[in-house]
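Visitor: Quick one: the structure is below, and I'll ask about it shortly.
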Amino acid sequence: MKIPGVLGVLLPEDVPDTRFNCSGNPPSPLLVKDERILTDHPLYAGDRIAAVVAETPDACYEAIEKINVEYEIFAPVFTVKDALAKNAVSIHPNLAKDNIVKKINVEQGDIKKGFEKSDAVFEDSFHTPTVQHAAMETTSCICYYTLEGKLTIWSTSQTPFQERRILSELLHIKENNIRIIKPVMGGGFGSRQQLHSQHVGALLSKQVHRPVKMINSREEDMYASVVRHESDIYLKIGVTKDGRLQAFHARVYFNTGPYSSHGPVVAAAASRKMQYLVPHYLYEGRTVYTNAPVAGAMRGYGNPQLTFAREVMFNRIAKKLNMDPVHFRLINHVRVGDSFPPGNVPVMSCAVEECVRGAEKIKYTIDRKENGAVRDNSQIVEAWGVAFGCHTSGPSSKEGMSSCIILANDDGSVRLFTGFADIGQGSETTLSQVAAEELGIELSDIAVTAADTQNTPYDTGTFASSQMYVSGNAVLRAAGNLKDNLKQALIKKYKVASDNITFEKGTVTISFENSEKIMTFKECVQKLAFGLKETVLIGNASFKAKESPPPFAVCWAKVTLDNQANTAEVKHIIEAVDVGTAINPEIVAGQVEGGMGMGFGYAMMEKVEIDKRALKPISSDLLHYKLPMSMDMPKTHVYIAKGYEPTGPFGAKSVGELSTIPVAPAIANAISNALGLKINSLPLSEIIVPSGYRSG
Amino acid sequence: MDSKLIRIEIEVNGNAYHLFVRTGETLLDVLREKLGFKGTKQGCENGQCGSCTVLLEGKPVNACLMLAVQVNQKRITTIEGICSNDRLHPIQDAFVTAHAVQCGYCTPGMILTAKALLDKNGTPDDKEIREALSGNACRCTGYTKIIDAVKIAAEKMNTQKK
């Protein structure tokens, strides 16, 4: 039976049966290859079974309707608890009989001794939900496989070079014949730090000899692309009676869905975000297979989950010890020269005290404006809650790498060629600022060609808040190299010694015996480059990160509870950040505000819900999945500390992921303080009704 | 599917277009695929995100929820139609000033919704702005700078009027 407009169909037997891992991380033994391009053994509601290509979307839908799939249905497991039950079905019997893909154990000191030495020990279990990135542009690609065997892909991509490598292995095409281009992109937040549909698109294009466009519907994005790991966390913390941390034991189970994807790397990354000093530390991360949606990278990468549990627990500890919650955190916090457990890599910048002061000043102003600190009568109770957070600048595994080529034009303006992918956070702007500053030219003198595997040099990718620090260091060094090359050309032209040429903020001074010649960078280029002149001026550099300096954040949330209506309104969120030098303070503030928005949603209302009867997620659109809208959002307040990271470009660290980390626990602590209740799970809408503008 | 073609006349950004459309075709499809107004973004196709907001006779609508046949003889404004003589509209300008744009995907819809608000209420307060924008989702900004931008735009437009 032929449907008009249908051009081709792919079934599992038509595509390479190679197991692979879709994660856009550099190769690692933690990335288990357990996924197939198309499968005849689907393991969740979003699995890929067959692909249809047609001239119109309608013809595609019609053809899909006509495909009959016979399923043999097994009992699914959706939660960590079910997957670890004694008689649970093994989802990948060959890889993980007990459904635990990988175990990550990280240790410092002797955890048993630590608890023995403690005056008080606190323990509890926590749960965080599955959430989705909900980037405004859904995941998509256009793939064109030509008869000459060249593959060009335009796609929502955070990691074009990693995606090229995986595709090359999977489809047996040399990397020089694969071109991945990231166009302007409508957000990412981690969801495109991986291969999504490009393999299927490429094979369909190969079959029909035409470009093939694939655009996810919102429903497909919600549960058939990628989500943040649901987690079950067990935490045990020992302290001395004066509030010093002695022992910290965390066991975290991450629900990775039926494919491990980023899972074990997320579990490993979560172990490296403990910003407090503790002599005895034990972290056990477990990545667990289930039949829930596949989890992968999402803003924070394991950090939001554990930070939620830790900071909620710290609230309880401070209360029990009758200590101020900020003071309790500060006396245990790392400072310059200290290392995060379990490491020996000293922190080189930390402006946490300034963050505390900056946030408290804003808090004081709000309280004064709102007539008194907090209201507390029988019906309306107001309270503040606080949490700290940190993250990383570039992968905490120190795999961050980037490179950049800078080409000077005739008139002294320049073009940067670099592999990093701006996905809406503004990295093309901030990194242009780095180049402009180093060369002493205007921002408008800089143009950028980025994230195109044919025309730009390698970058690990847009993840782990890498761009400012890792890519920024590459841009800075490439600009430095351009200056060096310019200097060499000047030496040749003016026949002076190297010492006689100095660069100072875009001004070049050449000292002769009795005189000086002063020119701008642009004048030099105009004198030296192109035509009948001396040379073409190019600078280039690559940068391999040796560190991943942590940025820090202090977050306060103010809530109003209505005891009669059982509603909670988050009125204010304050976040103070130490991001080193803020190269572009407006972009930093925008990242912090956006992070607060995402953290607010995580705290209050977001959850991908799986219906036990339908045996699949029902959060299939933006009505059932509660994304914060303008009416929901509390007032946000940002403070940027004057930090300086010695290894960063002009002192900069990262901000993108950091900003969302401490928000949920700050809100949870505020609600806990107001309610006098213990909080152990998110979203808080499960215990109290969120209110605010939206409810009137 | 619906193969019947119906002739419609619409005015988009001041220009008249005569088109043949299928009965099931949405205004969003027509604007993007037939007329090339790619500034109108597709985010959900369900009227839940507001990315495809355009002005229909000056009022904001989700283009994904309107059938093309419904807008016959109607006047439509897309983001491409609000700047004049290559100069940004004051609201666009305010979005730049306030750094209210990150990935930019929600921006056209936000700006058109803001325009509809400011055209009927030149001095909206915080709550009125939030209410007006409540059908436009943004995942990047947390809305703070977008709300600031609308306030800046209101001031600008009021000064221009005077």
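Visitor: Could you figure out which of (1) buried (at least 21 other Cβ atoms within 10 Å of the Cβ); (2) of a type in the set (Gly, Ala, Ser); (3) assigned to a helix (DSSP H, G or I) isn't true of B:Ser51?
Guide: (3) is the only condition that B:Ser51 fails.
Visitor: Filter region A:167-182 for residues that are assigned to a helix (DSSP H, G or I) and open to solvent by 10 Å² or more (accessible area, probe 1.4 Å) and give the result.
Guide: A:Ser168, A:Glu169, A:Leu171, A:Glu175, A:Asn176, A:Asn177
Visitor: Moving on to the next point. Answer yes if at least one residue in region A:29-40 is without any contact (Cβ under 8 Å) to a residue 24 or more places away in the chain, within 20 Å of A:Ile142 (Cβ to Cβ) and out of contact with any helix residue (DSSP H, G or I) (no Cβ under 7 Å at 6 or more places or on another chain), and no otherwise.
Guide: No.
Visitor: Further question: Could you please tell me which pairs satisfy a Cβ distance under 7 Å, a separation of 6+ or placement on different chains, a first residue in region B:83-110 that is open to solvent by 50 Å² or more (accessible area, probe 1.4 Å), and a second residue that is outside any helix (DSSP H, G or I)?
Guide: Matching pairs, first to second residue: B:Cys83/B:His89.
Visitor: Here's a follow-up. Check region A:272-284 and report whether any residue there is in contact with a strand residue (DSSP E or B) (Cβ under 9 Å, 6 or more places away or on another chain), open to solvent by 10 Å² or more (accessible area, probe 1.4 Å), in a helix (DSSP H, G or I) and of a type outside the set (Phe, Trp, Tyr).
Guide: Scanning region A:272-284 turns up at least one residue that is in contact with a strand residue (DSSP E or B) (Cβ under 9 Å, 6 or more places away or on another chain), open to solvent by 10 Å² or more (accessible area, probe 1.4 Å), in a helix (DSSP H, G or I) and of a type outside the set (Phe, Trp, Tyr).
Visitor: Somewhere in region A:37-58, is a residue polar (S, T, N, Q), in contact with a His (Cβ under 6 Å, 6 or more places away or on another chain) and over 21 Å from A:Pro617 (Cα atoms)?
Guide: no
Visitor: State the number of residues belonging to region B:115-132 that are buried (at least 17 other Cβ atoms within 10 Å of the Cβ), in contact (Cβ under 8 Å) with a residue 24 or more places away in the chain and either assigned by TED's automatic domain parsing to the domain that holds B:Gly43 or assigned to a helix (DSSP H, G or I) (or both).
Guide: Going through region B:115-132 one residue at a time, the tally reaches 4.
Visitor: Another question about this same structure. Condition first: open to solvent by 10 Å² or more (accessible area, probe 1.4 Å), touching a Leu at 6+ places or on another chain (Cβ under 8 Å) and not in a helix (DSSP H, G or I). Now tell me which residues in region A:183-210 satisfy that.
Guide: Of everything in region A:183-210, those that are open to solvent by 10 Å² or more (accessible area, probe 1.4 Å), touching a Leu at 6+ places or on another chain (Cβ under 8 Å) and not in a helix (DSSP H, G or I) turn out to be A:His209, A:Arg210.
Visitor: Further, regarding this structure: I'm told A:Ala674 meets every condition in (1) in a loop (DSSP other than H, G, I, E, B); (2) open to solvent by 10 Å² or more (accessible area, probe 1.4 Å); (3) touching a residue at least 40 places away in the same chain (Cβ under 8 Å) except one. Can you identify the failing condition by its number?
Guide: Evaluating A:Ala674 over (1) in a loop (DSSP other than H, G, I, E, B); (2) open to solvent by 10 Å² or more (accessible area, probe 1.4 Å); (3) touching a residue at least 40 places away in the same chain (Cβ under 8 Å) leaves (1) as the failure.
Visitor: Which of the residues that make up region A:211-228 are within 12 Å of chain B (Cβ to nearest Cβ) and not in a helix (DSSP H, G or I)? Outline the logic, then answer.
Guide: Initial filter on region A:211-228 (within 12 Å of chain B (Cβ to nearest Cβ)): A:213, A:215-222.
Correct list: A:Lys213, A:Ile215, A:Asn216, A:Ser217.
Visitor: Continuing with the same structure: I'd like to check something: does region A:662-671 contain any residue that is closer than 19 Å to B:Arg139 by Cβ and either open to solvent by 30 Å² or more (accessible area, probe 1.4 Å) or β-branched (Val, Ile, Thr) (or both)?
Guide: Yes, some residue in region A:662-671 is closer than 19 Å to B:Arg139 by Cβ and either open to solvent by 30 Å² or more (accessible area, probe 1.4 Å) or β-branched (Val, Ile, Thr) (or both).
Visitor: Something else: Across region A:493-503, which residue is farthest from A:Ala435 (Cα to Cα) among those that are open to solvent by 60 Å² or more (accessible area, probe 1.4 Å) and without any contact (Cβ under 8 Å) to a residue 40 or more places away in the chain?
Guide: The extreme case among them is A:Lys495.
Visitor: So which of A:Val559, A:Val608, A:Val554, A:Val570 ends up being away from chain B (no Cβ under 14 Å), closer than 26 Å to B:Gly135 by Cα and part of a strand (DSSP E or B)?
Guide: Residue meeting the stated conditions: A:Val559.
Visitor: What's the total number of residues in region B:38-86 that are closer than 12 Å to B:Leu27 by Cα, over 13 Å from the mean Cα position of the chain (by Cα), within 12 Å of another protein chain (Cβ to nearest Cβ) and among the polar types (S, T, N, Q)?
Guide: Number satisfying all stated conditions: 0.
Visitor: Conditions: (1) within 12 Å of another protein chain (Cβ to nearest Cβ); (2) under 19 Å from A:Lys635 (Cβ atoms); (3) of a type in the set (A, V, I, L, M). B:Ile152 meets all but one. Number of the miss?
Guide: Unmet condition: (1).
Visitor: Quickly run through region A:677-691 and pick out the residues that are among the β-branched types (Val, Ile, Thr) and buried (at least 18 other Cβ atoms within 10 Å of the Cβ).
Guide: Scanning region A:677-691 gives A:Ile679, A:Ile688.
Visitor: List the pairs whose first member sits in region B:140-151 and is outside the structural domain of B:Pro108 (by TED's automatic domain parsing), whose second member is buried (at least 24 other Cβ atoms within 10 Å of the Cβ) and of a type in the set (Val, Ile, Thr), and whose Cβ atoms are under 9 Å apart, counting only residues at least 6 apart or on separate chains?
Guide: none
Visitor: A further question follows. Which condition breaks for B:Asn46 when tested against (1) open to solvent by 40 Å² or more (accessible area, probe 1.4 Å); (2) not in a loop (DSSP other than H, G, I, E, B)?
Guide: The single condition B:Asn46 does not satisfy is (2).
Visitor: Which pairs do you get when a residue that is within 19 Å of A:Val525 (Cα to Cα), found in region A:440-451, comes within reach of a residue that is assigned to a loop (DSSP other than H, G, I, E, B), reach meaning Cβ atoms under 6 angstrom, with the pair 6+ apart or on two chains?
Guide: Note: pairs meeting the criteria are A:Gly440/A:Lys505; A:Gly440/A:Gly506; A:Asp445/A:Ser413.
Visitor: Considering each residue of region A:130-162, count those that are surrounded by fewer than 20 Cβ atoms within 10 Å (Cβ to Cβ) and assigned to a loop (DSSP other than H, G, I, E, B), and give that number.
Guide: Looking only at that region, the number is 5.
Listed here are the residues, each with its yes/no results for (1) buried (at least 24 other Cβ atoms within 10 Å of the Cβ); (2) at pLDDT below 95; (3) farther than 18 Å from A:Val356 by Cα.
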{"site": "A:Asp578", "(1), (2), (3)": "yes, no, no"}
{"site": "A:Phe600", "(1), (2), (3)": "yes, no, yes"}
{"site": "A:Met629", "(1), (2), (3)": "no, no, yes"}
{"site": "A:Ala641", "(1), (2), (3)": "yes, no, no"}
{"site": "A:Pro646", "(1), (2), (3)": "no, no, yes"}
{"site": "A:Phe650", "(1), (2), (3)": "no, no, yes"}
{"site": "A:Ser654", "(1), (2), (3)": "yes, no, yes"}
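Visitor: Condition first: in a helix (DSSP H, G or I) and open to solvent by 20 Å² or more (accessible area, probe 1.4 Å). Now tell me which residues in region A:446-471 satisfy that.
Guide: Within region A:446-471, the subset in a helix (DSSP H, G or I) is A:467-471.
Passing the criteria: only A:Met468.
Visitor: Sticking with this one: Of all residues in region B:62-82, which are surrounded by 22 or more Cβ atoms within 10 Å (Cβ to Cβ), touching a residue at least 60 places away in the same chain (Cβ under 8 Å) and assigned to a loop (DSSP other than H, G, I, E, B)?
Guide: B:Thr78
Visitor: Out of all the residues in region B:98-114, is one or more within 23 Å of B:Lys59 (Cβ to Cβ), within 8 Å of chain A (Cβ to nearest Cβ) and in a loop (DSSP other than H, G, I, E, B)?
Guide: Looking through region B:98-114, at least one residue is within 23 Å of B:Lys59 (Cβ to Cβ), within 8 Å of chain A (Cβ to nearest Cβ) and in a loop (DSSP other than H, G, I, E, B).
Visitor: Note down all Cβ pairs under 6 Å where the first residue falls in region B:1-17 and is over 16 Å from B:Leu55 (Cα atoms) and among the acidic types (Asp, Glu), the second is modelled with pLDDT of 95 or more and in a strand (DSSP E or B), and they're at least six residues apart or on different chains.
Guide: B:Glu9/B:His18
The values are calculated or read from the model by the stated rules, or taken from the named source; none is laboratory data. Computed from a predicted model, the values in this text were never measured in an experiment. As a convention, Cβ positions derive from the backbone with ideal geometry for all residues, glycine included, and neighbour counts pool all protein chains shown. Accessible surface is based on the protein model in full, side chains and every heavy atom, while ligands, DNA and RNA are left aside. Shrake-Rupley method; radii C 1.70, N 1.55, O 1.52, S 1.80 Å.
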